[in-house]
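Working notes for the structure below.
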Amino acid sequence: MAKESAEEKLLKMMRQASPSVAASTPSPVVPKKKFKFTFSVGALNTFLFLVILACVIALAFEIHSGFSLLNQAVEFPPESKTVSSLSDAAMPAVPGVGYYLQKINERNIFKPYVPKTAAKAAAQGLVQLMSKYKLVGIAWLDLPETATIMIEDIHKNETFFLKQGEQLEGVTVKTIYTDRAVFSHENEETTIKL
């Protein structure tokens, strides 16, 4: 007899096991249904209607309780004082008209603002104030409007670059020439030469 091959043995075993495997397998297990929340538009509308109805009832209750509070008398505690006249009230003291007129006269809005140091300069005299400055140089480009002076404070060794119309300690550069500069303050004028 011929020997069986491994494949044939395996085939026989499978044929013998197949009826028993079919008989021994249990019936399929039906999975439990999971709860799935679904809603329809009608159910949603009903829920929203109930919420709106609850809000309207709450609003009506609040209005009714507010009207009932309006009808009650208000009682203040006896220790509170009422002010019988304006003089008893704590009012701040109001300055007289003279105070405000003085403030208005201190600052003329039609004149440029001059700091207090410049006001002192006017009292000293323009010539005396400008005596501490030395004109070091004059520079300009192609037009006279671009002219700039270099003026040095002799005591502090500081140099300032000024154009026509600019101020130094309240003193205005009025005109710049090729060899000198004219300074003015209020009604006074002085010239400083190179």
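The values are calculated or read from the model by the stated rules, or taken from the named source; none is laboratory data. This structure is a prediction, so every number in the text was calculated from the model and none was measured. Please note: Cβ atoms are built from the backbone with ideal geometry, for glycine as well, and neighbour counts cover all protein chains shown. Just the protein is used for accessible areas: all its heavy atoms, side chains included, with ligands, DNA and RNA removed. Shrake-Rupley method; radii C 1.70, N 1.55, O 1.52, S 1.80 Å.
The strands (runs of 3 or more DSSP E) found entirely in the stretch 134-194 include none that carry 2 or more residues being among the hydroxyl-bearing types (Ser, Thr, Tyr) and without any contact (Cβ under 8 Å) to a residue 12 or more places away in the chain. Name the single residue, out of those in the stretch 113-137 being open to solvent by 30 Å² or more (accessible area, probe 1.4 Å) and modelled with pLDDT of 70 or more, that is farthest from Glu189 (Cα to Cα). My answer is Val136.
Within the stretch 8-42, the set of residues being at pLDDT 85 or above and surrounded by fewer than 10 Cβ atoms within 10 Å (Cβ to Cβ) comprises Arg15, Ser40, Val41, Gly42. Every test in (1) farther than 30 Å from Glu186 by Cβ; (2) at pLDDT below 85; (3) not acidic (Asp, Glu) is passed by Gly96 save one, and that test is (2).
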